Amino acid sequence: MNNDEVVGKAGWRQLVRPECTPEGANIAFIKRLGEAWEAKSSCFTPADLEDHISRTLAAWIDEEQVRLDGEWTVVCQAESLKSVIGGKAVLIGRCDLVLTIRNHKIIYECKRLGLVSKGKYSSNAGPYVKDGMHRFTVDQKYPSRTGLCGMIGYVMDGNVKKALGAVLGKIKELSPQGRLINPYPPTPHRLAHRFKTEHLVDETHRLKAHHLLFPV
């Protein structure tokens, strides 16, 4: 390969906008998610289910992406399917939020945290890990070709600090193979909290999970 070919390839890479890559699109999505929360959080109440909150955020983000002619899209409650040889496709599950950039998908699972019912408090951190994060890291129900996935926690009592402590404790208890890799990345919203974990899915595959906690 001559020098002209090397320069040509480097120049081509420079023409690719960051939002056209899975990593860049994911960063842009997180930022847009913070903007959606700023615009729509006043609509939410502690009685809302996560599906209602996720749909509202996804609709706002989709409209904004159309307005800005964005490079990526996000959909809510997308079916995850598995093709079975010689048989019909099987429904694996419904993904809460799916970020799509070209042929790549980044799935975000959403859970409520800090639940208060009849005067009783539940952190709900166990389901956040077992029924949310483990779908990527343990069960591999939602495999990731990009090495990226995400978890969004809607903190229904508004106490993000308490919810964060409960979630980190459950990750340490239930996912000992995981590790905190970036505890202080920029938050998409002034009231939110964000952290990242890394998980060894198999001998060669590591998965980075973006965690975002928003107070209702």
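The values are calculated or read from the model by the stated rules, or taken from the named source; none is laboratory data. All values derive from a computational prediction rather than experimental measurement. Neighbour counts are summed over all protein chains in view; Cβ atoms, including those assigned to glycine, are modelled from backbone coordinates with ideal geometry. Surface accessibility is based on the protein's heavy atoms, side chains included, excluding ligands, DNA and RNA. Shrake-Rupley method; radii C 1.70, N 1.55, O 1.52, S 1.80 Å.
Details
- Residue within region 41-50 that is touching a residue at least 24 places away in the same chain (Cβ under 8 Å), among the β-branched types (Val, Ile, Thr), surrounded by fewer than 16 Cβ atoms within 10 Å (Cβ to Cβ) and more than 25 Å from residue 157 (Cβ to Cβ) present: no
- Applying the condition of being within 18 Å of the chain's Cα centre (by Cα) and either assigned to a strand (DSSP E or B) or modelled with pLDDT under 90 (or both) to region 72-83 and asking which residue is surrounded by the fewest Cβ atoms within 10 Å (Cβ to Cβ) yields 79.
Residue by residue, here is whether (1) in contact (Cβ under 8 Å) with a residue 40 or more places away in the chain; (2) of a type in the set (Lys, Arg) holds:
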position	(1), (2)
128	yes, no
131	no, no
135	yes, yes
158	yes, no
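To keep it simple, each residue is scored yes or no on (1) of a type in the set (Phe, Trp, Tyr); (2) open to solvent by 30 Å² or more (accessible area, probe 1.4 Å); (3) assigned to a helix (DSSP H, G or I); (4) farther than 25 Å from residue 81 by Cβ.
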residue: 149; (1), (2), (3), (4): no, no, no, no
residue: 163; (1), (2), (3), (4): no, no, yes, yes
residue: 169; (1), (2), (3), (4): no, yes, yes, yes
residue: 176; (1), (2), (3), (4): no, yes, no, yes
residue: 198; (1), (2), (3), (4): no, no, no, yes
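- A single entry from 30, 107 fulfils the requirement of being hydrophobic (A, V, I, L, M, F, W, C), part of a helix (DSSP H, G or I) and modelled with pLDDT of 90 or more: 30.
- Residue satisfying condition, being more than 19 Å from residue 143 (Cβ to Cβ) and surrounded by fewer than 16 Cβ atoms within 10 Å (Cβ to Cβ), within set 94, 67: 67
- Comparison of 154, 121, 128 shows that the only residue that is surrounded by 18 or more Cβ atoms within 10 Å (Cβ to Cβ) and over 18 Å from residue 30 (Cα atoms) is 128.
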